[in-house]
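*Asks:* Just passing along the structure, written as structure tokens.
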Amino acid sequence: MIKVLFVCLGNICRSPLAEALFLKHLELNHLSSSFIVDSCGTASYHIGELADARTRKVAKEFGIEMPHRARQFKEQDFDEFDYILVMDESNYENLKKVNSVKAKKLIFLRSFDPNFKNLKEVPDPYYGDLKGFYEVHEIIKDCTHSLLDFIKNRKNEESN
Ligand code: 4NP
């Protein structure tokens, strides 16, 4: 089983969308049973809430349901998950404060963007308009698809 965790600030916009899009991509590739996928936030503001209505609206237009309820990152997550993907520099800094040694395993999701190789962050759409949510959907879709390629290649290398 491969365990993947997506992390953002509030766990209501970017990371639950990454979770949902990655799950959908796994399903289409008949790989769902090999993965456990989750998401969380570094902050506690939205614990227990469904994703932001704008995130869910955009996802729904692409046929994606988002039942996830927000939760906060906990230190055990560092050990529980094989891949921990953060959205931006502040997520990274916040998790470094939780455990600076274990934070070395964190990966920026945007580093998998096949279009904009030099960008580090998935922008936070929360304070913007709906257009930003569509843009973030595109970015996260591309990045999560490349992430699966990366994980599959790594698995192949390990078994060779
Ligand atoms: P997310 O977006 O980190 O992508 O879920 C945000 C959600 C909530 C807040 C900020 C960003 N907030 O300040 O409540």
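*Asks:* Within segment 131-142, does at least one residue satisfy the condition of being within 16 Å of the ligand (Cβ to nearest atom), over 16 Å from the mean Cα position of the chain (by Cα) and farther than 27 Å from E27 by Cβ?
*Replies:* yes
*Asks:* Now for a different question. For segment 85-99, check the following and say yes or no: at least one residue is open to solvent by 40 Å² or more (accessible area, probe 1.4 Å), closer than 19 Å to E138 by Cα and away from the ligand (no atom under 11 Å from the Cβ).
*Replies:* no
*Asks:* Within segment 8-23, identify whether any single residue is touching a Leu at 6+ places or on another chain (Cβ under 7 Å) and among the aliphatic types (A, V, I, L, M), and answer yes or no.
*Replies:* Scanning segment 8-23, I find at least one residue that is touching a Leu at 6+ places or on another chain (Cβ under 7 Å) and among the aliphatic types (A, V, I, L, M), so the answer is yes.
*Asks:* Right, here's the next one. Taking segment 51-72 on its own, how many of its residues are part of a loop (DSSP other than H, G, I, E, B), open to solvent by 20 Å² or more (accessible area, probe 1.4 Å) and touching a strand residue (DSSP E or B) at 6+ places or on another chain (Cβ under 9 Å)?
*Replies:* 3
*Asks:* Now for a different question. Could you please let me know if I47 is over 25 Å from F150 (Cα atoms), β-branched (V, I, T) and assigned to a loop (DSSP other than H, G, I, E, B)?
*Replies:* When the stated conditions are applied, I47 passes them.
*Asks:* Kindly indicate the residue of segment 1-42 that is part of a strand (DSSP E or B) and open to solvent by less than 10 Å² (accessible area, probe 1.4 Å) and also nearest to the ligand (Cβ to nearest atom) among those meeting that condition.
*Replies:* Result: C8.
*Asks:* Only residues that are at pLDDT below 95 and touching a Lys or Arg at 6+ places or on another chain (Cβ under 9 Å): list them for segment 117-160, please.
*Replies:* Residues satisfying the conditions are L119, K120.
*Asks:* Which ones in segment 124-152 are open to solvent by 60 Å² or more (accessible area, probe 1.4 Å) and either at positive phi or without any contact (Cβ under 8 Å) to a residue 60 or more places away in the chain (or both)?
*Replies:* Once the filter is applied, which keeps residues that are open to solvent by 60 Å² or more (accessible area, probe 1.4 Å) and either at positive phi or without any contact (Cβ under 8 Å) to a residue 60 or more places away in the chain (or both), segment 124-152 yields Y127, D129, K131, E135, E138, D149, F150, K152.
The values are calculated or read from the model by the stated rules, or taken from the named source; none is laboratory data. Not measured: the values here are computed from a predicted model. Neighbour counts run over all protein chains shown; Cβ positions are idealised from the backbone, glycine included. The area values use the complete protein model at the heavy-atom level, side chains included, leaving out ligands, DNA and RNA. Shrake-Rupley method; radii C 1.70, N 1.55, O 1.52, S 1.80 Å.
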